[in-house]
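The values are calculated or read from the model by the stated rules, or taken from the named source; none is laboratory data. It should be emphasised that the depicted structure is a prediction, and the values quoted were computed from it without experimental measurement. Don't worry about glycine lacking a Cβ; one is built from the backbone with ideal geometry, like all the others, and counts go over all protein chains shown. Just so you know, the surface numbers come from the protein's heavy atoms only, side chains and all, with ligands and any DNA or RNA stripped out. Shrake-Rupley method; radii C 1.70, N 1.55, O 1.52, S 1.80 Å.
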Amino acid sequence: MSETPMKLVINLAEGTEQYVPLSADEIAQRDKDIAEFTTIATGERHGALAALRAKRDRYLAQTDVLLLDPPNWPTDMPQATKDAIEATRDQWARYRQQLRDYIATVVDPFDPPPFPVQPAAPAVILT
Amino acid sequence: MTGSWPTGWAPGDVLTAAQLAKMMGAIYDTTLSGAVATIDVTGLLGSYAHLFIELDGRGDTAATNTGLNTRLNGDTGSNYDTQTLSGSAATATAQESLAQVTAGIGGIPASTAPANVFSGSLLWIPNYAKTDRQKMIYALGGFKVSTASGALTALIRACAWRSTSAVTQITFLPTAGNFVAGSRVTIYALGA
């Protein structure tokens, strides 16, 4: 048989405190609260996961350009950047695949694993 | 070094009873000697202007953390609305929770968080005793569940109670399990 949960009652008017077992009504209310909290937690979990997914999607969108074929690169792209992209194309492809796989690695969206580390070059600031 | 207080106070001045009544002070402070499922603050007099409550706690549920909730005057109806802004590592999240049965005021570390880690929230409830307005609770807090990146969460919450009743009772309850021994509640009041 499980132990009866306790509560601390602080009476400010009297300046006293007392540890007392929860009443049957209070235990019933607690069970109801736990059921309600479970529903809320599911919603919050979905919200946290959605935030991670949105971040992942932004990173993918911001690195799209790195996998375009050279004829489709922006005309004003500096040659040094073009060279860096050519040299790291495989690394960026792997990074983007890791981003796509990232959400499946999240067990607890409130304590998520770190995002994949992007290749060092060309320097891309992801926001 | 010499000088005077910007407000005109000088060394040796004595506060009057009327001035003291306007100041903020701790009206209760306790540290749990055993685990409890809820903490009930009762007998709340209406003689202060605003309340500030600090809850520094930890839960015993088998998780890294659990939610920290409050209920006013024992109202178990769906009368609480909460807006959350939270951040961990570089991720910021906003969340709206309407018509809930408690006000979600924050989170606390729980049994699988590192040992000796306590945290919680600082709440303020302005005009808690007035009956001409619905009550708000503003909460500032955070909790840590490990030393890894993203494991320290900062929380700002605004909670609304859909009632104009004077607040006479405040109940704290974790989302799951109990508050452990060593959790501490300190209640401050600002004079009327």
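With respect to the numbered conditions (1) part of a strand (DSSP E or B); (2) more than 17 Å from residue A:51 (Cβ to Cβ); (3) under 19 Å from the mean Cα position of the chain (by Cα), which one is the sole condition not fulfilled by residue B:86?
So the condition that residue B:86 fails would be (2).
Restricting to the stretch A:108-127, and then to whatever is open to solvent by 80 Å² or more (accessible area, probe 1.4 Å) and away from chain B (no Cβ under 11 Å), can you tell me which residue is modelled with the lowest pLDDT?
Our first condition is that a residue be open to solvent by 80 Å² or more (accessible area, probe 1.4 Å); within the stretch A:108-127, this holds for A:110, A:114, A:117, A:120, A:123, A:125, A:127.
So of that shortlist, the ones also away from chain B (no Cβ under 11 Å) come out as A:117, A:120, A:123, A:125.
Numbers: A:117: 92, A:120: 85, A:123: 77, A:125: 83.
Only one residue tops the list, namely A:123.
The rows are residues; the columns are (1) open to solvent by less than 20 Å² (accessible area, probe 1.4 Å); (2) under 16 Å from residue B:164 (Cα atoms); (3) of a type in the set (Lys, Arg).
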site	(1), (2), (3)
B:70	yes, no, no
B:73	no, yes, no
B:77	no, yes, no
B:82	yes, no, no
B:86	no, no, no
B:89	no, no, no
B:93	no, no, no
B:98	no, no, no
B:103	yes, yes, no
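Among B:39, B:105, which is the only one that is more than 8 Å from every other protein chain (Cβ to nearest Cβ) and closer than 27 Å to residue A:11 by Cα? Let's see the steps before the verdict.
On the way: B:39 fails: more than 8 Å from every other protein chain (Cβ to nearest Cβ).
Exactly one of B:39, B:105 is more than 8 Å from every other protein chain (Cβ to nearest Cβ) and closer than 27 Å to residue A:11 by Cα, namely B:105.
Does residue A:74 qualify as being within 14 Å of chain B (Cβ to nearest Cβ) and outside any helix (DSSP H, G or I)?
Working: within 14 Å of chain B (Cβ to nearest Cβ): no; outside any helix (DSSP H, G or I): yes.
So residue A:74 does not fit the description; no.
State yes or no: is residue B:147 within 14 Å of chain A (Cβ to nearest Cβ), over 18 Å from residue B:80 (Cβ atoms), free of Cβ contacts under 8 Å to residues at least 40 places away in the same chain and over 14 Å from the mean Cα position of the chain (by Cα)?
yes
Across the stretch B:128-160, what is the total count of residues that are under 19 Å from residue B:45 (Cα atoms), open to solvent by 10 Å² or more (accessible area, probe 1.4 Å) and part of a strand (DSSP E or B)?
Initially, the stretch B:128-160 is screened for residues under 19 Å from residue B:45 (Cα atoms), giving B:128-137.
Narrowing the set further to residues that are open to solvent by 10 Å² or more (accessible area, probe 1.4 Å) leaves B:129-134, B:136.
If we keep only those that are part of a strand (DSSP E or B) too, we end up with B:136.
Total meeting the criteria: 1.
Quick one: how many residues across the stretch B:163-179 are touching a Ser or Thr at 6+ places or on another chain (Cβ under 9 Å) and away from chain A (no Cβ under 12 Å)?
Of all residues in the stretch B:163-179, those touching a Ser or Thr at 6+ places or on another chain (Cβ under 9 Å) come to B:164-166, B:168-179.
Within this subset, residues satisfying the condition of being away from chain A (no Cβ under 12 Å) are B:164-166.
Qualifying residue count, the stretch B:163-179: 3.
Quick check on residue B:77: is it within 12 Å of chain A (Cβ to nearest Cβ) and in a strand (DSSP E or B)?
When the stated conditions are applied, residue B:77 does not pass them.
Given the options A:35, A:48, name the one that is within 12 Å of chain B (Cβ to nearest Cβ), open to solvent by 50 Å² or more (accessible area, probe 1.4 Å), closer than 30 Å to residue B:178 by Cα and among the small types (Gly, Ala, Ser).
Details: A:48 fails: open to solvent by 50 Å² or more (accessible area, probe 1.4 Å).
The conditions single out A:35.
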